[in-house]
Number of protein chains: 2
Amino acid sequence: MTSVARFDRAKRPTYVPSLELVPEVLAGSRLAIARMISRAEGNYAEATAALAEIYKHTGKAHIIGITGVPGAGKSTLVASLIKALTLEGHKVGVVAIDPSSPFSGGAILGDRVRMNDAAEANQAFVRSMATRGHLGGLAPSTLQAVDVLDAAGYSPIIIETVGVGQDEVEIVTAAHTVVVLSAPGLGDDIQAIKAGILEIADIHVVSKADKPEAAATVAAIKGMLALGGGTTHSTWGSPVLAVSSVSGEHMESLQATLRNHWKHLQDSGEFAARERNNCRTRIFNMARHLFQQQFDAGANDLEQHLQAVVRRESDPRTAANVLLGWNQER
Amino acid sequence: MTSVARFDRAKRPTYVPSLELVPEVLAGSRLAIARMISRAEGNYAEATAALAEIYKHTGKAHIIGITGVPGAGKSTLVASLIKALTLEGHKVGVVAIDPSSPFSGGAILGDRVRMNDAAEANQAFVRSMATRGHLGGLAPSTLQAVDVLDAAGYSPIIIETVGVGQDEVEIVTAAHTVVVLSAPGLGDDIQAIKAGILEIADIHVVSKADKPEAAATVAAIKGMLALGGGTTHSTWGSPVLAVSSVSGEHMESLQATLRNHWKHLQDSGEFAARERNNCRTRIFNMARHLFQQQFDAGANDLEQHLQAVVRRESDPRTAANVLLGWNQER
């Protein structure tokens, strides 16, 4: 039986076991979705089996990665997309990665993205996540949050990453469609778009199309793409669009391009190749995460092994194997 | 009984089990040392127990890391140090890390560092090692090569790293004394010495002291150190020396400074702190290495797990745990 948390004065909300939340997540309960994502983010051992079960209900959503340098206008674009896509009847999920934030929970982004009406607020689920220390790659909890929304019937799901560090390049291993956002004023400063970013973009978007410099930026990006810097993993031509999130100008064009890319992935067979590649990366990143977790869990034992290694009574390999719970033979 | 490899026409050299090589390494046999380092570099499973045993005989050598940008004159400085230190009666070990070289074995560096006479050649052991793909940190085999030389009675042991990427910063976790080499002509271009490098240097050396720009470079580095960029882990003052490896000028001063730093480490109690820190890093890097090795060993199984994850019959965490030989509960 599924119990529901009650904010009763007399007692704190009941902790609902994660496996019991799964049917509620699949039925689209916003409370269950929020809780499940929090448990993924908090790396609750209790939620492991539930998240494994939820994963089996994924694979339906169109996952869109949006990246770009700070100030490019990602949040505004995401807000515009939420509005436009919910108006079309989509249930839109957003997972925003904020490497700098020590907070989790959706409050910050919830404020930032102003929900324009009740329908929109009800049709969209927006979650901001802090990325916790992990050895490169997107944090497993980020991808698990996407899983939860996918299993709950949200599509498209937008992953918004700050265009700093590894996250922006690794978004390609989590998304079906990567949108790279640039602000006008790029002009001659071709350096401003890094080579790695050019390669991962399925769609280039230049924000603030109302500004006079926007056309020059579009031309500069097209020029770089013509020089061979474009996407190498596709027969898709990486279109360059200028949009104004403020005036809503050309937002329909971006929506149509997103639909076209989704169709292109299916028709070309590229979807299967991406899924395969994304799953492979995800298994490896999860393995790395488990390794770090296992090593950290041995922290209490580390001191004793460390002293033995310092005294030359043990050696680093033996200590490492013991700490990882492996036998001597590795 | 220890068998010795013979280069007999009729048969290939006998493979001497690594554990049998250990007493020969401890006795200083150059052949045994060379073989043991090759087995560490080749990551032979058979050599694991022998390298663990060898580790227990380490901790005697003064380990000196020498780093600096390409062209700073590292090889020339190392050659001068070998000459000077062997003349003083030291058995000098050198492990040169060459991230770009696909070769291992000492041939390249053996040519590069011209041994000036038979005594010098006999008193020094020089080994160049390619660093193979690993997840950051100094390759375990590099540190195992240092172990072999340490156990065999070599001291000091010089680790020469190309001043590119992570190796140059991580040398601080492998060495007792870090020497950062700069070429004259640095002048105003303070950027040329990166902040991370300033912090790790126990001794700054400016090469080519015969050049007129050398004094300005010494002054520039001293200026940066005065601005607070100097070593933070020590009461040691990070001296700045100009040397000419060609004329031999001030080499005595460098040797004296190396001895002083060694004495400072012992007297200040910093030696114990460094050893502890170095061992901790080494255990973690070894654990990471073992993780990668374990994951790679599961490559044959990966395909089957990958397909199950793509089909949503399994999930990334379950697949990762199975590939790492861990149970479901992690």
Next item on the list: Select, from B:Ser314, B:Ser234, B:Ser253, the only residue that is modelled with pLDDT of 85 or more, surrounded by fewer than 20 Cβ atoms within 10 Å (Cβ to Cβ) and polar (S, T, N, Q).
Entry: B:Ser253
Next item on the list: Considering every residue within the stretch A:265-280, establish whether at least one is surrounded by fewer than 20 Cβ atoms within 10 Å (Cβ to Cβ), at positive phi and at pLDDT 85 or above.
Entry: yes
Check: Does at least one position in the stretch A:188-198 carry a residue that is closer than 23 Å to A:Val78 by Cα, touching a helix residue (DSSP H, G or I) at 6+ places or on another chain (Cβ under 9 Å) and at pLDDT 75 or above?
Finding: no
Margin query: Can you tell me which of (1) modelled with pLDDT under 95; (2) open to solvent by less than 80 Å² (accessible area, probe 1.4 Å); (3) away from chain A (no Cβ under 14 Å) is the one B:Asn43 doesn't meet?
Written below: (3)
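Yes/no matrix, rows are residues, columns are (1) open to solvent by 20 Å² or more (accessible area, probe 1.4 Å); (2) under 30 Å from B:Ala52 (Cβ atoms); (3) of a type in the set (D, E, K, R):
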| residue | (1), (2), (3) |
| --- | --- |
| B:Arg282 | yes, yes, yes |
| B:His305 | yes, no, no |
| B:Val309 | no, no, no |
| B:Thr318 | yes, no, no |
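From B:Ser75, B:Ser29, B:Ser38, which residue is within 30 Å of B:Lys263 (Cα to Cα), at pLDDT 90 or above and open to solvent by 20 Å² or more (accessible area, probe 1.4 Å)? Spell out the reasoning first.
Working: B:Ser75 fails: at pLDDT 90 or above; B:Ser38 fails: within 30 Å of B:Lys263 (Cα to Cα).
On inspection, the qualifying residue turns out to be B:Ser29.
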Note to self: If I go through the stretch A:294-315 residue by residue, how many of them are assigned to a helix (DSSP H, G or I), more than 7 Å from every other protein chain (Cβ to nearest Cβ) and within 34 Å of the chain's Cα centre (by Cα)?
What the structure shows: 5
Note to self: Six or more apart or on different chains, Cβ atoms under 9 Å: show the pairs whose first residue is in the stretch A:246-269 and under 26 Å from A:Thr76 (Cβ atoms) and whose second is hydrophobic (A, V, I, L, M, F, W, C) and open to solvent by 30 Å² or more (accessible area, probe 1.4 Å).
What the structure shows: A:Asn260/A:Trp236; A:His261/A:Trp236; A:Trp262/A:Phe271
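Does the stretch A:46-86 hold any residues that are assigned to a loop (DSSP other than H, G, I, E, B) and either under 30 Å from A:Glu249 (Cβ atoms) or more than 14 Å from chain B (Cβ to nearest Cβ) (or both), and which are they?
Keep residues of the stretch A:46-86 that are assigned to a loop (DSSP other than H, G, I, E, B), which gives A:56-62, A:68-73.
Hits for the stretch A:46-86 are A:Ala61, A:His62, A:Gly68, A:Val69, A:Pro70, A:Gly71, A:Ala72, A:Gly73.
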Next item on the list: Keeping to the stretch B:103-133, report how many residues are in a loop (DSSP other than H, G, I, E, B), surrounded by 19 or more Cβ atoms within 10 Å (Cβ to Cβ) and at pLDDT below 60.
Entry: 3
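Would you mind stating whether B:Ala287 is in a loop (DSSP other than H, G, I, E, B) and surrounded by 20 or more Cβ atoms within 10 Å (Cβ to Cβ)? Talk me through it step by step, then tell me what you get.
Working: in a loop (DSSP other than H, G, I, E, B): no; surrounded by 20 or more Cβ atoms within 10 Å (Cβ to Cβ): yes.
No, not satisfied.
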Check: What are the residues in the stretch A:89-102 that are modelled with pLDDT under 90 and either open to solvent by 50 Å² or more (accessible area, probe 1.4 Å) or of a type in the set (Lys, Arg) (or both), if any?
Finding: A:Pro99, A:Ser100, A:Pro102
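The values are calculated or read from the model by the stated rules, or taken from the named source; none is laboratory data. Owing to the predicted nature of the structure, the values given are computational and were not obtained by experimental measurement. Note that each Cβ is placed from the backbone with ideal geometry, even for glycine, and that neighbours are counted across all protein chains shown. Just so you know, the surface numbers come from the protein's heavy atoms only, side chains and all, with ligands and any DNA or RNA stripped out. Shrake-Rupley method; radii C 1.70, N 1.55, O 1.52, S 1.80 Å.
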